[in-house]
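Colleague: Dropping a structure here in structure tokens format, bear with me for questions.
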């Protein structure tokens with residue numbers, strides 16, 4: 001029982017941490033895209049198995065070999081380990097501890113990455129919301145009747161350009177092949193809006209509907 005309490009933490013932690021990893025990927029995706037729980041669980045389980053089955057044993061062997069290499073030659077050949085608890089030759093115990101630490105560090109790194117990316121996603125969403133509101137207000141003042149009607153229905157198509165916070169936002173005419181388009185710089189407060197005289201929708205301009 002004492003041995004179990006000292007050297008059998010990796011597999012219980014594997015089950016718990018893998019589920020937590022998958023939840024972090026779903027709620028705070030590090031890559032900024034949405035993820036489903038089951039695929040995230042499968043990917044996280046393979047990653048954690050790699051930590052347990054490859055990384056932890058390799059590090060444990062390196063540490064044990066290093067401890068043996070640090071033995072002075074004047075002490076003669078290595079003697080068999082004494083019958084102490086835990087055993088002096090504790091490679092299995094060391095592997096378990098390294099695996100447990102690696103699992104926890106992996107979870108912490110995933111959480112930090114998710115939180116950092118979440119701030120970026122929230123900032124981009126805020127810029128898009130501010131830009132959409134400014135584009136709608138501009139269209140209600142300067143657009144023809146059908147554009148004003150569609151603007152009130154919040155029918156706005158947005159395409160983000162290479163410059164951070166700059167969008168081309170379009171509100172369709174009743175003719176679906178034409179759109180009332182604006183360049184909106186949402187990085188400013190309040191956002192600036194400039195009319196684009198090109199009436200092609202974003203899908204026709206950027207080939208990315």
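Any read-out appearing in this document is the output of simple, stated calculations on the displayed coordinates, not a laboratory observation. These numbers come from a predicted model, not from an experiment. Ideal geometry is used to build each Cβ from the backbone, glycine not excepted, and the neighbour counts take in all protein chains shown.
Colleague: For a test of the definition: using alpha carbon positions, the gyration tensor, and the 1.5 limit on a/c, classify the range 126-206 as rounded, prolate or oblate.
Modeller: oblate
Colleague: Calculate, for residue 125 and residue 64, the FRET efficiency according to 1/(1 + (r/R0)^6) with r their C-beta to C-beta distance and R0 35 Å; round to the nearest 0.05.
Modeller: 0.10
Colleague: Could you check the simple spin-label distance between residue 101 and residue 140, using points 7 Å along Cα→Cβ, in nm with one decimal?
Modeller: 6.0 nm
Colleague: In percent, how large is the relative contact order of the range 126-206, given Cα pairs closer than 8 Å and 6 or more residues apart?
Modeller: Across the range 126-206, relative contact order equals 27 percent.
Colleague: Another question, if that's okay. Tell me the relative contact order for the range 13-66 as a rounded percent, counting alpha carbon contacts under 8 Å between residues six or more apart. Mind dumping the intermediate values first?
Modeller: Details: 25 pairs, mean separation 18.8, N = 54.
Across the range 13-66, relative contact order equals 35 percent.
Colleague: Now for a different question. Name all residues of the range 144-158 having a backbone nitrogen under 15 Å from the label point set 7 Å from the Cα of residue 205 along its Cα→Cβ direction, giving them as ranges.
Modeller: It comes to 156-158, nothing else.
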